[in-house]
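To keep things clear, I will list the structure first and then write my remarks on it.
Rule-based calculations on the coordinates, nothing more; no lab input. Quick caveat, the model's predicted, so the values are computed rather than measured. Please note: Cβ atoms are built from the backbone with ideal geometry, for glycine as well, and neighbour counts cover all protein chains shown.
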Amino acid sequence: MFFDGSIDSRAKFLETAQAPTNLVVFLAYEGEKCGFAWLNAFGRRSAFAHFCVLKAAWGEPARVLGDKVLEYWMSFTRNTGEPLFELILGTIPCVNRRAIRFVKDIGFESCGMIPKLVEGRDGRLHPGEIVYFLRD
């Protein structure tokens, strides 16, 4: 499921999802489980996003859910009432064109491709695209 092969079992997934450094949301559309998304690598006003959408939800359901997740994350505020995030980032293996199209469909912009950005389960470094979503 994960390009780098870091999560290879149900137990490892649960351990990762429950880690305090990850903020996970589970996705459902019309009552059907559709995937999950999470934030991590939090900065002062930023975080890294990750999406995993099940094949049955590709297309319009994924776009609707992606928009809702971004709306949810961007609604987070500090104690002062200021927005918690101004920027959400992501890295996607270039071979995953569907994921790149998905995030662009929900409002992410591309910074471009960087060679040797993401490690694959084969242990080699692969080109990746850096994407970002900015608060309006």
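Overview of values
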{"read-out": "Reduced Cα scattering model of the chain, Debye log10 I(q)/I(0), q = 0.17, 0.18, 0.21 Å⁻¹", "value": "-1.02, -1.14, -1.50"}
{"read-out": "Label point at GLU82 placed 7 Å out along Cα→Cβ; residues across the range 1-45 whose backbone nitrogen lies under 18 Å", "value": "42-45"}
{"read-out": "Mean Cα-pair separation over length for the range 68-136, i.e. relative contact order, pairs under 8 Å, 6 or more apart, %", "value": "33 percent"}
{"read-out": "Helix-only CD estimate at 222 nm, as mean residue ellipticity for the chain, using -39500 (n - 2.57) per DSSP H run (n ≥ 4)", "value": "-7000 deg cm²/dmol"}
{"read-out": "Amide proton proximity set for GLU119, modelled H, under 5 Å, gap of 5+", "value": "HIS126"}
{"read-out": "Pair ALA17, CYS52: separation of 7 Å Cα→Cβ label points (nm)", "value": "0.8 nm"}
{"read-out": "The range 81-95 - phi-based ³J(HN,Hα) in whole Hz, Karplus 6.51/-1.76/1.60, Gly and Pro as x", "value": "x, 5, x, 6, 10, 10, 9, 10, 10, x, 10, 9, x, 4, 5"}
{"read-out": "Gain in span if fully extended, PHE2 to ALA41, counting 0.36 nm per residue against the direct Cα distance", "value": "12.3 nm"}
{"read-out": "Among ALA99, ALA57, ALA11, residue whose mean-square fluctuation peaks in a GNM of the chain (springs only between Cα atoms under 10 Å)", "value": "ALA11"}
{"read-out": "³J(HN,Hα) computed for each position of the range 54-65 - Karplus, 6.51 cos²θ - 1.76 cosθ + 1.60, integer Hz, glycine/proline x", "value": "5, 3, 4, 9, 4, x, 4, x, 4, 5, 4, 5"}
